[in-house]
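Just so you know, all these numbers are worked out from the coordinates, no wet-lab data involved. Remember, predicted model here, so these are calculated numbers, not experimental data. No Cβ is skipped: glycine too gets one built from the backbone with ideal geometry, and neighbour counts run over all protein chains shown.
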Amino acid sequence: MSSHAASHPQDAHSDNPHADYIGDKVGFWFFLYTELVLFGGLFLGYFFYHMKYKEAFHEAGSHLNVFMGAGNTVVLLTSSLTMVMSLTALQKRKKGLSLLYLGMTILFALAFMVVKYFEWGAKFSYGLYPGSEILQSSHSDGVIIFYGLYFVMTGTHGVHVVLGLLALSWMFVWVWQGKIHADDYAYLENVGLYWHLVDLIWIYLFPLLYLVA
Amino acid sequence: MGAGAKAFYHDDAVVFAGMFQAVKKAGKNSSVFRAIAWVLSWILSTDHKRVGILYFVAMFSFFSVAVSLGIMMRLELFQSGQQFFEPKTYNAMFTLHGVIMTFLFIVPGIPAIFGNFLLPLQLGAADVSMPRLNLASWYMYIIGAIMAVVSLFSNGGAPDGGWTFYAPYSIQTQTNVSLALVAAFTLGLSSIFTGMNFLTTIHRLKAPGMGWFDMPLFVWSLYATAWIQVLATPVVGITLLLTVMERTLQIGIFNPSLGGDPVLYQHMFWIYSHPVVYVMILPAMGVISDVLPVFARRHIFGYKAIAYSTMAIAGSGYFVWAHHMFTSGISDVARLVFSFITFLVAIPTAIKIFNWLATLYRGSIQIDPPMLWALTFLFTFSIGGLTGLALGAVVTDIHLHDTYYVVGHFHYVMFGGGGVGMFAALHHWFPKITGRMYNFFHAKVSWFFFFVGFNMLYFPMLILGVMGMPRRYHDYLPQYDFLNSVATIGSWIMVFGILYMFANLLKGLLSGEKAGSNPWNAKTMEWETQSPPVLHNFEKQPKMVHGPYDYEGEWVK
């Protein structure tokens, strides 16, 4: 009793009698949608307070390190590229190459988190973090909200990067073990989609937080 | 696959199969291990029917807790003055009653129990699209529920302030709100995964020959519901997390003393929580659409109109959230616009009601227990819906806001709609789920007690609200004594009816007659397999040969 709607040639190669390649992807797109809506709530908050505290956002945003932010943007974009190349290599039955690109993607993700660590560390050393004495006593409401949003938004995004990192490592093991192969790659493709989403969200976060100011 | 009649269900669709087999083997010599293996065969099973029953057991356990809280609140309100509980205890009680009833019972409600059990059966599929994720959703539900229960007894004590957790009170109170919020977030995650699973299942696993408009209307209602779960739940998820972060890190977003705006919390909360009201009611409407034709022996009137209106309710639900905030200080323009859009929701709802009535017209109506409950739905839900109109209009809402009128309206809609729909489903699909039949006479007597008690309990609330009695207060003025006493006595009668109903169903489960595969002579696909269905549901792939409501001979498309 396999799927009733039109099935994908890939289903025949899977060990799972209920394999449904298209269904896997449909389901995952629904999940990606929920992620977008989740961040949508944060973006809504951002726009609301940006309208309310235009000047303060301008002032606070100018303290962010554009160089590091831009660097991280390049890192993430490149990691999306290597992610696609890894999938394509696997589809062309080049397992070694696929693992190489997947490994590079993982390294880029790590690099992103390292840069993030230094960025956040610098903010903390200036006392610019939610709940800090300095922020609450010597800055205006708008600046407090800006840094509240900055840490929540980049933090939520960072959690997604870490989860992506774990998922990518998991995929690395499965490709290595041959559990994911040229005829059954739905998992790798879905993790790739997730990774592009993480990338996409950053592409909106970067200008909103670093540049709009 | 044919041996399903012996064991209640097969136990070979389990996760951690190696461990399970080891325990089973040990069970050959030890009754303790046999018992463990039996439990594991349930809680490790990815079979959608078992997952549905797991939800049933968990949810009705919580339901009984929340009902007890409700009874205790009514006891306190029996007369003016303090009866049994301190005001602080009372605050915790209504918060818990609300949190459990909404997040643990009526939101997951019909989709998690009956949707899980019936969706693949009604589509002619072997299981949902992602069976393991389905089981994982149940675990997330249980984890969330445990966190909610733990929050009552751990640091700071039971959360107060109501199930809506409005800022700024929720960010100031010393009670254990944070854990309750994380619990609600986890429950939301469970709800999202169930929604994703159902959407994918409906898109991918319809039986050969079954088009979108050949699906039973219950499936349509699950489809609309799943869209709401996927589209709206993440918003409340992030809102609840922001509130937790507000409490722990002081990010300032909802905190007016740090420049934040508490009204933003209300917006973000209701952007989810209004659509989710339709998560509570749409599946019940689907149940009614499936039950009425069976017992009126007629094709459902206006199939497509009902299907489209289901989607229309789901869609329009996103544009009305601010009608919860007419007294929050939003602008007059916003109030007028949201009031107007709110009235638009009444249109698809009325379309359904009229179609159901038209289905009954000239049908050969047979008042069996499921039908009795379905007709009750039409009655109580109509009261709930019509009393809602007074709240949708800004002028009357200003008077009625935060009074008992709102409580009465809400319970007529949620309990008289969602809850009664669930009882209708319980009586309708009981023979399919258990393979046995309950006693009709006792089912009807228990219904009678429920119906009388229900109206005695909630109708006085509507009147009290119009008279000006505020909600969420632990005490009230003596002029409200009489109606409050009536309501409290009604609560006893209603609870007696519920207990009676479950006793009757339990007796049916244990010693009822064998029901056979299709006791109601119904036409949807779940009745084509044996009761209870075997693992993977059908001996061979069923094909669509007649419509889901084909009671009059021809396949009305």
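For segment B:80-85, the Karplus equation 6.51 cos²θ - 1.76 cosθ + 1.60, evaluated at θ = phi - 60°, returns couplings of 5, x, 6, 9, 10, 10 Hz by residue, with Gly and Pro reported as x. By the count of neighbouring beta-carbon atoms within 10 Å, fewest first, B:64, B:190, B:511, B:273 end up ordered B:511, B:64, B:273, B:190. Protection proxy ranking of B:178-187, B:101-110, B:313-322, by the mean of other Cβ atoms within 10 Å over each peptide's residues and highest first, is B:101-110, B:178-187, B:313-322. Extension gain, residue B:466 to residue B:86, is 134.1 nm, computed as 0.36 nm per intervening residue step minus the present C-alpha separation.
Note on the protein assembly as shown: helix-only mean residue ellipticity at 222 nm, from DSSP H runs of 4+ residues weighted -39500 (n - 2.57) and normalised by residue number, equals -23000 deg cm²/dmol.
With the Kirkwood sum run over all distinct C-alpha pairs, chain B has a hydrodynamic radius of 24.3 Å. Against the main long axis of the alpha-carbon atoms of chain A, helix A:66-91 sits at an angle near 10°.
Under a no-solvent Debye model with one identical scatterer per Cα of segment A:105-199, what's log10 I(q)/I(0) at q = 0.14, 0.21 Å⁻¹? Debye intensities relative to I(0), on a log10 scale: -0.63, -0.99.
Dividing the radius of gyration of the alpha carbons in segment B:20-176 by their Kirkwood radius gives 1.10 for Rg/Rh.
All distinct Cα pairs of segment B:405-499 go into the 1/r average, and the inverse of that average, the Kirkwood radius, is 14.6 Å.
The calculated FRET efficiency for the pair residue B:297 and residue B:331, based on their C-beta separation and a Förster distance of 60 Å, comes to about 0.65.
Each of the peptides B:19-29, B:260-270 was scored by the mean count of other Cβ atoms within 10 Å over its residues; in descending order, highest first, they stand as B:260-270, B:19-29. Across peptide A:142-155, the mean count of Cβ atoms from other chains lying within 10 Å of each residue's own Cβ comes to 4.
What are the membrane-span-like helices in chain B by this rule: whole DSSP H runs, Cα extent along the axis at least 30 Å, mean Kyte-Doolittle hydropathy at least -1.0? The qualifying helices are B:48-76, B:131-153, B:177-204, B:217-249, B:262-296, B:332-360, B:369-392, B:440-467, B:481-511. For chain A, the longest principal axis of the Cα atoms and the long axis of helix A:186-206 meet at an angle of about 20 degrees. Taking amide H atoms as placed 1.01 Å from N in the peptide plane, the amide H of residue B:210 lies under 5 Å from those of B:544, each 5 or more residues away in sequence or on another chain. Determine the alpha carbon to alpha carbon distance for each of B:28/B:514; B:432/B:523; B:49/B:540 and list only those over 25 Å. As for pairs spanning more than 25 Å Cα to Cα, those are B:28/B:514. Per-residue extension of 0.36 nm, minus the Cα-Cα distance of residue A:111 and residue A:65, leaves a gain of 14.9 nm for this segment. The calculated pair-distance distribution of segment B:104-172 uses every alpha carbon pair, bins of 5 angstrom beginning at 0, and gives 3, 13, 16, 19, 15, 11, 9, 8, 5, 2, 0 percent.
Sorting check: for B:246-255, B:121-130, which peptide has the highest mean count of neighbouring beta carbons within 10 Å, and how do the rest follow?
Working: B:246-255: 23.1, B:121-130: 24.8.
Listed from highest to lowest mean packing, they are B:121-130, B:246-255.
For residue B:469, the residues whose modelled amide H falls within less than 5 Å of its own, excluding neighbours fewer than 5 places apart on the same chain, are B:404. Kirkwood radius for the protein assembly as shown, taken over all pairs of different Cα atoms as the inverse mean of 1/r, rounds to 28.0 Å. Scanning residues 5 or more positions from residue B:436 or on other chains, those with amide H under 5 Å from its amide H are B:515, with H placed 1.01 Å from N in the peptide plane.
Averaged over the residues of B:238-250, the number of partner chain Cβ atoms lying within 10 Å of the residue Cβ comes to 4. Taking 1.567 mPa s as the viscosity and 4 °C as the temperature, the Stokes-Einstein diffusion coefficient of segment A:53-211 based on its alpha-carbon Kirkwood radius rounds to 77 µm²/s. The mean count of C-beta atoms from other chains within 10 Å of the C-beta of residues in B:392-398, rounded to a whole number, is 0.
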